[in-house]
Amino acid sequence: MDLCHVPAAREKGWYLALMAPNVKGPNYAWLDPSRLYCHPQGLQDCVADLLQPFQGDPIDMVAGIDAMGFILGAATAAMLQKGFLAIRKAGHLCVQTVAQPYTDYSGREKVMEVRTDAISPGLRILLVDQWIETGGTMRAAIGLVERLGGVVAGVAAICIEDSEGGRWIRERYKCSHCVPPHLQPRFDHHQFGWD
């Protein structure tokens with residue numbers, strides 16, 4: 001992995017090729033974006049592409065979803081010069097929280113939570129996660145924000161798959177992702193390769 005190489009033509013999504021396929025089997029995600037986060041220009045361009053549709057939109061805070069959404073969420077908040085809110089898996093916050101059960105992409109039942117004092121009514125929040133596969137995790141985060149009176153200003157992820165949950169989110173919220181249209185079918189079918 002060359003963390004110094006930057007292609008001459010940096011089209012939207014050029015950095016997706018930095019991601020690595022799963023080599024460990026079915027108990028792991030099909031693709032690992034962590035190399036993208038190691039590449040300074042790749043990460044910067046990814047965040048810029050995620051934010052492009054929201055230029056000029058009022059955003060008060062960025063919230064990232066535990067755990068990989070923390071990386072993109074914090075980078076996005078820093079670029080916007082806004083605060084960052086961590087939406088956590090249950091059991092990690094030692095303050096008053098509100099919780100939301102959900103089913104994750106692997107079909108496991110889980111619970112996420114957020115502190116009750118961070119979202120005031122009308123606060124406009126950009127929700128960020130690494131990936132939206134089935135939409136269950138993001139829908140739970142949306143539910144937490146809205147239960148506390150916040151407004152979902154938008155949803156951003158490296159990829160929003162064309163699943164039932166992904167379509168539900170896209171139909172109801174302004175969304176942004178990094179996958180160019182010609183590559184979307186490969187991502188929807190978990191096929192790695194750019195040729």
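Values quoted throughout were computed directly from the atomic coordinates according to the rules given, and no laboratory measurement underlies them. Remember, it's a predicted structure, so these values are computed and weren't measured experimentally. For neighbour counting, all protein chains shown are included, and Cβ atoms are generated from backbone atoms with ideal geometry for every residue, glycine included.
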Between the range 2-36 and the range 77-116, the Cα center-to-center distance that results, in Å: 26 Å
Estimated FRET transfer efficiency (A8, T116; beta-carbon r; R0 45 Å; 0.05): 0.35
Segment A74-V151, extension gain: residue separation times 0.36 nm, minus the distance between their alpha carbons: 25.8 nm
At a Cα cut-off below 19 Å, give the aspartates and glutamates reachable from K82, other chains included and same-chain residues fewer than 8 away excluded. D45, D49, D57, D60, D66, D117, D129
Quick one: angle between helix 69-80 and the longest Cα principal axis of the chain, in degrees between 0 and 90, rounded to 10, please. 90 degrees
So the angle from the long Cα axis of helix 136-147 to the longest Cα principal axis of the chain, reported in degrees to the nearest 10, equals 40 degrees
Report P(r) for the chain: all Cα-Cα distances, bin width 10 Å, range 0 to the bin holding the largest distance, values in whole percent. 9, 37, 37, 15, 2
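So, by mean Cβ neighbours within 10 angstrom, what's the order for 127-138, 22-33 with the highest one leading?
Most protected by this proxy first, the peptides run 127-138, 22-33.
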Here FRET efficiency (C-beta to C-beta, K89 to Q41, R₀ 35 Å, nearest 0.05) is 0.65
Which net charge results when you count Lys and Arg as +1 and Asp and Glu as -1 among the other residues whose beta-carbon is under 13 Å from that of R108? -1
Label-point separation in nm, Q55 to V98, each point 7 Å along Cα→Cβ: 3.4 nm
How much of the DSSP bridge set in the chain is antiparallel, in percent, rounded to the nearest 5? 35 percent
Multiply the residue separation of W30 and L183 by 0.36 nm, subtract the distance between their alpha-carbon atoms, and state the gained length in nm to one decimal. 53.5 nm
